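Read through the structure below, which is laid out as C-alpha cells, and then see the notes.
Taken together, the values in this text are just the output of simple stated rules run on the coordinates, not laboratory data. All of these numbers come straight from a predicted model, not from anything done at the bench. Don't worry about glycine lacking a Cβ; one is built from the backbone with ideal geometry, like all the others, and counts go over all protein chains shown.
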Amino acid sequence: MNLFLDAWRWLATGSNWTGDGGAATRLVEHLLVSGLVVGIAAIIAVPLGVLVGHTGRGRTAVVLAASAARAVPTLGLLTLVALATGIGLTGPVVALVVLAVPSLLAGAYAGVESVDRVTIDAARAVGMTEAQVVRRVELPLAAPLLVGGLRSATLQVVATSTLAAYTADVGLGRLLFAGLKAREYDVMLASALLVVALALVLEGLLALLQRLVTPRTAAPAEHARPARNAHPSSTVAEKSPTERTS
Amino acid sequence: MKWLSQNYPQVVDLFLTHLALSVPAIVASLLIAVPLGWSAQHGRGLRGPVLVGVGLLYAIPSLPLFIIVPVLIGTPLRSSSTMIVVLTVYGVAVLVRSAADAFASVPAATLDAAAAVGHTRWSSFWRVELPLAGPVLLAGVRVITVSTVSLVSVGAVIGIQSLGTLFTDGFQRGIRFEVLTGIVLIVALAVLLDGLVVLAGRLLMPWTRRSAGIRGSRRRGGPGRRGDSGRVLAEPQLAGAAQPEGASR
C-alpha cells in the first residue's frame, strides 16, 4: 500500500506534470492519438457498417472480421507494423486503426440490422427514399448500438495506445515504460493509475452519450436482443445491455 | 525460415508457457463467473450493480493492471501468478455477463416445474438450470478463451515470458519473421483451444449436437427470454428467409 502513497506523491508533485516529457504532455498526446485513431477508424467503418446493415450484404464478412480481430494479438500487430514503418507515429496509428475498425463496424452494422423491418417498411410506405430511410429512420434507431461500438473502440484504442509507447515515443505508456526501465515503481504505478482513470472517465462519458442517444419511445430490450446477440463476439454485444438493465 | 529452424526449441517452450498461462486463467474465470452470474440473475437488485461492476473492470486497460495487481496482492511483478490473476480479472469481467444472460435464458416455468417434481434448489441448479444455460455459457467461454490467449502476449513488455516474447524480441532485433511467427502461433493456439471448448461442450451437452452446424444462429437464439426451443430452431430459417428480401432492396 505504501507504493500507492508513493505514486500519489508523484502525481501530486507539480514538476512531474510540466515540461517536455511531463505527465500533462503525455496525457494530451494520449488523447490526441486516440482521438485521431478513432476518427480515422470511424470514417472507414461507420459508412461501411451502415451499408452492410442496410443492404444485408456482407454480414458474414463483418462478423468474421470482428471475431478475427479479437484473436489477433495487439502487441504483435503493433510491433509488426512498427518494424515495417520504422520508429514514429505512423506505425501505432495504422495498427490502432486496424484494431478500432471491427468494433465500430460491428456496432454500426448491428445497430442498423436491429431496426425492426416493419418500421422500415412503414417508412417506405409513407414515401421515404432509400437515403431518407437510412438517415431519418435507421440511423437514429441504430444510434445506441453505434455509440456502443464507438465506446468499445475508444476503450480499446486508449488501452492499446499505452502499449503503443513500446514502439513509439508517445502517450502515457511512455512514462510507464520509463518507470519500468529505471525500476521506479512510483512512476510506473502513477502512470498506470493515470491510464486507468483516463479509461474510466472516457467509459463513463461514452456510456452517458449512449444513454442520451437511446430513443425514449422505444423499449427495444425485447426485439433488439437477438440481433445484438448475433455478434456474441463483439464487445458491443457484451456491453450494450448494461444501460438497459441498470 | 532460417530463424525458425535455429530457434524452434525456444518457440516450442514459449508455446507451452503460453498454454500454461492461458488455461488456468480460463478455468478460474469460469469457476468465479458462474456463481457471480447466477447471483446477478437471481439476487434481487444485484444484476445492475454486478454488471456495472464487471463493465468497469473490463474498461481497465491491461498494461496498467500488470503494474497494479502485484502491488495489491503482493505477487512479484514478473511472475506467472500476476499474469494469471490479470487474465482471470478480464475473463470474469466478460463471462459474468454471459453467465447472467445464460441463466436469464432458462424459463422460470421450467425451474418451477423442477421444484414441483421434487428437485431441491441445489439439484435443480446442477440438473436443470446449468444444463439449460449451457449453450449460452459456452459461447461466453469461447469468447474469453480467444481473448485470453491473445492477452497473454501483452505481458511480454514487462518481462513475463510467453509467445509475446517473440514480439518484443523480434522488434528489438528487427526480425519481422519472428513477430509473424508469434502472431500465427497465438492465433493457432486460440483456434485450438476454442476447438477444444466446442468439443467439451458437445460432450457435456450432447443434446446440442444436432444443431451443431448452425452454431452461429444458435447463439442468437440462445438468450431469447422465453427460451422456447421452437424459436431457437426457427432462427436459421428466419435468417435465411431474410436474405433474399434484403438483397432485393
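Per-residue ellipticity at 222 nm for the protein assembly as shown, helices alone: DSSP H runs ≥ 4 residues times -39500 (n - 2.57), over residue total, nearest 500 deg cm²/dmol?
-25500 deg cm²/dmol
Tell me the angle of helix A:2-12 to the major Cα principal axis of chain A, expressed in degrees between 0 and 90 and rounded to the nearest ten.
80
Restricting the calculation to Cα positions, tell me the Rg (one decimal) and the Dmax (whole number) of region A:91-204 in Å.
20.3, 68
Put a dot 7 Å past each Cα toward the Cβ at B:A20 and A:I43; how far apart are the dots in nm?
Spacing of the two 7 Å Cα→Cβ label points: 4.8 nm.
Short version: what are the Cα gyration tensor semi-axes of region B:2-204, square root of 5 times each eigenvalue, largest first, in whole Å?
38, 19, 12
Assuming R0 = 41 Å, what is the FRET efficiency of B:S39 and A:A12, from their Cβ-Cβ distance, to the nearest 0.05?
Once the sixth-power term is evaluated, E becomes 0.55.
Please state, rounded to one decimal and in Å, the Kirkwood hydrodynamic radius that region B:102-145 gives when every pair of distinct Cα atoms enters the mean of 1/r.
After inverting the pairwise mean of 1/r, the radius is 10.9 Å.
If r is the Cβ-Cβ distance from A:N2 to B:A113 and R0 is 41 Å, what FRET efficiency results, to the nearest 0.05?
Between A:N2 and B:A113 the formula returns 0.10.
Can you pull the one-decimal nm distance between simple spin-label points at B:Q10 and A:A125, each 7 Å off the Cα toward Cβ?
Here the modelled spin labels are 6.9 nm apart.
Contact order normalised by length for chain A, with contacts defined as Cα pairs under 8 Å and 6 or more residues apart; what percent is it?
26
Looking at A:S191, A:T55, A:A24, which one has the Cα that reaches farthest to the positive end of the dipole of chain A (charges on Cβ: Lys, Arg +1; Asp, Glu -1)?
So the residue we want is A:T55.
On a full-extension model of 0.36 nm per residue, what is the gain between B:Q172 and B:V27, subtracting their alpha-carbon distance, rounded to one decimal in nm?
48.8 nm is the gain from fully extending B:Q172 to B:V27.
Can you give the FRET efficiency for B:R202 and A:R57, using 1/(1 + (r/R0)^6), R0 = 35 Å, r = Cβ-Cβ distance, to the nearest 0.05?
Taking R0 as 35 Å, the efficiency between B:R202 and A:R57 is 0.60.
Give me the percent of Cα-Cα pairs in region B:1-64 that sit more than 12 Å apart, rounded to a whole number.
For region B:1-64, the share of Cα pairs beyond 12 Å comes to 78 percent.
Which whole-number value in Å³ per residue fits the convex hull of the alpha carbons of chain A?
Once divided by residue count, the hull of chain A is 141 Å³.
Counting Lys and Arg as +1 and Asp and Glu as -1, what is the net charge of the other residues whose Cβ lies under 14 Å from the Cβ of B:L14?
-3
Just going by the charge dipole of the protein assembly as shown, with Lys and Arg at +1 and Asp and Glu at -1 on Cβ, which of A:G76, A:A131, B:I73 is farthest out on the positive end?
So the residue we want is A:A131.
Relative contact order (percent) for region B:2-204, with alpha-carbon contacts under 8 angstrom and 6 or more residues of separation?
26
Using only the Cα atoms, work out Rg/Rh for the protein assembly as shown, with Rh taken as the Kirkwood radius, to two decimals.
The Rg/Rh ratio comes out at 0.98.
Could you give the length gained on full extension between A:R136 and A:L36, defined as 0.36 nm per residue of separation minus the Cα-Cα distance, in nm?
Full extension of this stretch gives 33.2 nm more.
Quick one: grab Rg to one decimal and Dmax as a whole number for region A:9-126, Cα atoms only, in Å.
19.7, 65
Given labels modelled 7 Å from the Cα in the Cβ direction, how far is it in nm from A:D169 to A:V118?
Each label point is offset 7 Å from its Cα along the Cβ direction, giving 6.2 nm.
When you count, for each residue, the other Cβ atoms within 10 Å and take the mean per peptide, how do B:128-138, A:126-136, B:23-33 rank with the highest first?
The densest-packed peptide leads the list: B:128-138, B:23-33, A:126-136.
Write out the chymotrypsin sites (Phe, Trp or Tyr not before Pro) in region A:1-39 meeting two conditions: DSSP loop, and at most 15 other Cβ atoms within 10 Å of their Cβ.
Sites meeting the loop and neighbour criteria: A:W17.
Starting from the Kirkwood Rh over alpha-carbon pairs, what translational D in µm² s⁻¹ does region A:132-190 have by Stokes-Einstein at 4 °C and 1.567 mPa s?
For these conditions, the coefficient is 94 µm²/s.
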